[in-house]
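Here the structure is laid out as C-alpha cells; the discussion comes afterwards.
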Amino acid sequence: MTTFSDLGLSQKVLTAVTDAGYTIPTPIQAGAIPPALQRRDILGIAQTGTGKTASFVLPMLTLLEKGRARARMPRTLILEPTRELAAQVAENFEKYGKNHKLNVALLIGGVSFDEQDRKLERGADVLICTPGRLLDHCERGKLLMTGVEILVIDEADRMLDMGFIPDIERIAKLIPFTRQTLFFSATMPPEIQKLADRFLQNPERVEVSTRSSTATTVTQRLVATHSKDYEKRAILRDLIQKQEELKNAIIFCNRKLDVAELYRSLSRHGFSVGALHGDMDQSSRTKMLAGFKDNAITLLVASDVAARGLDIPDVSHVFNFDVPIHAEDYVHRIGRTGRAGRSGAAFTLVSKRDTKFVDAIEKLIDKKIEWLNGDLSALPAPMESHESSKPERGGRDGKRGGRRNDRDRDYAPRPVHSHKSDTKSDDIPAAVTTVAALEPVIAKAEPVRSERKAETKPQNAGRHSNRPAPQPYPANDDNRDRRNRYRRDQDDGPTPVGFGDDIPAFMLIAGKA
DNA sequence: AAAAAAG
C-alpha cells in the first residue's frame with residue numbers, strides 16, 4: 001500500500017504529516033503529489049473532502065525548501081474563490097509547514113491592507129489570495145509577480161460560476177510562462193477544459209471518482225410547506241427539535257437577506273445559532289465560522305458561501321430552508337454532511353413554487369427524494385402567523401383545538417414576551433432608527449440572559465426555552481417590513497451580537513450533543 | 001428567485 005513516505009516528500013513535510021496523524025494518502029494525493037514534485041503541471045479533478053488541499057500544499061512545501069523569498073516577489077501563488085477557503089488553505093500551510101520557516105501571506109478582501117503589505121514587504125514564499133484583493137495589491141504596485149514559480153488555481157469551476165475567470169486570466173498574464181501550474185476543479189465542463197488547455201502544459205491528469213453525486217450515507221427528505229416564511233420557520237424549528245442525533249447543522253437560504261432574517265428568528269427562539277453570508281463583515285464571518293467549528297454554535301444559517309469547499313467536519317444535518325435554484329448547489333450543500341462515510345441527514349423545505357427545482361435536483365442525482373410527512377398534495381391549509389399582532393383566532397389557542405397534524409404545533413401564540421416589545425418600546429429609545437444603533441442595546445442585554453443560565457432546560461438540542469426577553473425590536477413579523485426598511489440601507493447581516501469573544505454559556509448545548 | 005469578490 002502507498003504511504004506518504006513513498007511519494008517523494010521531504011523529511012520536514014513527512015514529519016508534519018505524521019504528527020498530524022496521517023499515514024495513507026488519499027487517491028488525489030497519491031496521484032498528484034509525485035508528478036507535482038517533478039515540476040509537472042497538474043489537472044486535478046476532485047471535490048472537496050477528497051484531500052485535495054494537501055495534494056498541492058505538501059508538494060509545494062517540499063519544493064519551497066530550496067530558495068528564499070525576496071521582498072514583494074512571492075514565489076508561489078494560490079487562488080481561491082472565497083475568503084474562507086483562502087483562510088483554510090493558509091491554515092493548512094501552518095499545519096504542514098510547522099517545520100519550515102516560510103512566510104505565508106493571506107491576501108483577502110474585507111480586512112486591512114496594512115498587515116498584508118507588511119508581509120509582502122518581508123517577502124512571501126506563499127501567497128494565498130482571492131482574485132479581487134490580489135489585483136488590488138498589484139495595481140497599487142506593491143507586488144511583483146515575476147518571481148512566481150508555482151501557480152495554483154483551486155475550485156476553477158466555481159471561479160467560473162462566480163465570474164472570476166477574466167481576473168484569473170489577468171493574473172496569469174503577470175506570471176512567467178515558465179511557471180508550474182496546478183489546476184483543480186470539481187467538474188470539467190467545456191469552458192473549464194478550454195481554460196485548462198490554455199493554462200496548462202502537458203499536465204498530468206488526476207481524477208478521483210466524484211462522490212456519487214450524493215453520499216448514500218445521507219438520509220434525504222423533502223418537507224412540504226407553504227411558501228410563507230413564518231410557516232417555513234415554524235416547520236424548521238420543529239424539524240430541528242425532532243432530530244435526535246443533531247450534533248450541528250447548516251441551514252441554507254438562497255438569499256443573504258433571508259439568512260439574516262432566519263438567524264434573528266432562530267436566536268429569538270433561543271437556539272444556539274450563527275450566520276454566514278458574504279455581506280457580513282469579515283470579522284463576523286470569521287467568528288461565526290470559528291464558533292461553529294468549535295461547537296460553540298450548533299446551527300449555522302448560511303448562504304451558498306458555505307455550500308462548497310469549507311472544511312467543517314462532522315456536520316450531522318443540513319437543512320435547506322430554500323430549495324437551491326441550481327441543482328448542483330443541492331449536491332454541494334448536502335455534501336456538507338455524511339462525509340467520510342459517516343451518516344447524515346438532509347431536509348429540504350419545499351413549497352409549490354419550488355417543484356420545478358426539485359424535479360431538476362432529482363434528475364441530477366438520478367433518484368427520487370422521499371417526502372417526510374406526505375407531499376405537497378397532502379399539505380393542509382396555510383397556517384396563520386402566530387406572530388400576527390391580532391388577537392387569537394378560533395381554534396388556534398394555546399391548546400390548539402382546531403386543525404391538527406404533524407406540523408401543527410409550535411404555532412400557538414408566542415409567550416407574552418415575544419409580543420411585549422411590540423407595544424413599542426420600553427426597549428427602544430425613541431431616537432433609534434437604525435439597526436446599527438440597536439445593536440448595542442442587544443449587546444447590553446446579553447449578560448442578563450447569561451445570568452439566567454440556571455433556568456435553562458437542556459433537554460432540547462440547541463434550544464432553550466423560558467428565555468427572558470431582551471427584544472430590542474419586535475419579534476412580531478408584521479413589523480418585518482418596517483425593520484427591513486431600516487435594514488436595507490445598511491445590511492451587514494447579523495453581527496455576532498454579544499458573543500464578542502466568548503459565547504454566553506446558555507447558548508451552548510447542554511446535555512446530549 | 002441568488003451568491004460570490006475590490007471598495
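So here's what we get for this one:
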item: Inter-residue pairs, beta-carbon under 8 Å, first at positive phi and in region A:296-317, second modelled with pLDDT of 85 or more and more than 9 Å from DNA strand B (Cβ to nearest atom), 6+ apart; result: A:309/A:88; A:309/A:155; A:314/A:247; A:314/A:248
item: Near pairs, Cβ below 6 angstrom, 6+ apart or cross-chain, from region A:49-67 (assigned to a loop (DSSP other than H, G, I, E, B)) to any residue that is buried (at least 21 other Cβ atoms within 10 Å of the Cβ); result: A:50/A:28; A:51/A:28; A:51/A:29
item: Lone qualifier among A:284, A:267, A:227 - being assigned to a helix (DSSP H, G or I), within 16 Å of DNA strand B (Cβ to nearest atom), in contact with a Pro (Cβ under 9 Å, 6 or more places away or on another chain) and small (Gly, Ala, Ser); result: A:284
item: Among (1) of a type in the set (Ser, Thr, Tyr); (2) closer than 28 Å to residue A:244 by Cα; (3) in a helix (DSSP H, G or I); (4) modelled with pLDDT of 50 or more - the single one residue A:348 does not satisfy; result: (3)
item: Hey, residue A:158 modelled with pLDDT under 90 and either closer than 28 Å to residue A:353 by Cβ or surrounded by 18 or more Cβ atoms within 10 Å (Cβ to Cβ) (or both) or not; result: yes
item: Residue, nearest to residue A:382 (Cα to Cα), within region A:337-371, restricted to residues that are within 16 Å of DNA strand B (Cβ to nearest atom) and acidic (Asp, Glu); result: A:354
item: Condition check for residue A:262: within 15 Å of DNA strand B (Cβ to nearest atom), within 12 Å of the chain's Cα centre (by Cα) and outside any loop (DSSP other than H, G, I, E, B); result: no
item: Any chance residue A:98 is without any contact (Cβ under 8 Å) to a residue 40 or more places away in the chain and of a type outside the set (Gly, Ala, Ser); result: no
item: Subset of region A:165-196 [in contact (Cβ under 8 Å) with a residue 24 or more places away in the chain, part of a helix (DSSP H, G or I) and not acidic (Asp, Glu)]; result: A:165, A:168, A:170, A:171, A:172, A:192, A:195, A:196
item: Qualifying positions in region A:289-336 - part of a loop (DSSP other than H, G, I, E, B), among the charged types (D, E, K, R) and more than 9 Å from DNA strand B (Cβ to nearest atom); result: A:294, A:308, A:311, A:314, A:336
item: Strands (runs of 3 or more DSSP E) (entirely within region A:85-164) containing at least 1 residues that are within 28 Å of the chain's Cα centre (by Cα) and either under 20 Å from residue A:279 (Cα atoms) or within 13 Å of DNA strand B (Cβ to nearest atom) (or both); result: A:104-107, A:126-129
item: Given (1) over 30 Å from residue A:276 (Cβ atoms); (2) touching a helix residue (DSSP H, G or I) at 6+ places or on another chain (Cβ under 8 Å); (3) at pLDDT 95 or above, number of the condition residue A:72 does not satisfy; result: (3)
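The values are calculated or read from the model by the stated rules, or taken from the named source; none is laboratory data. A quick note: this is a predicted structure, and the numbers were derived from the prediction, not measured. Glycine gets a Cβ as well: all are built from the backbone with ideal geometry, and neighbour counts include every protein chain shown.
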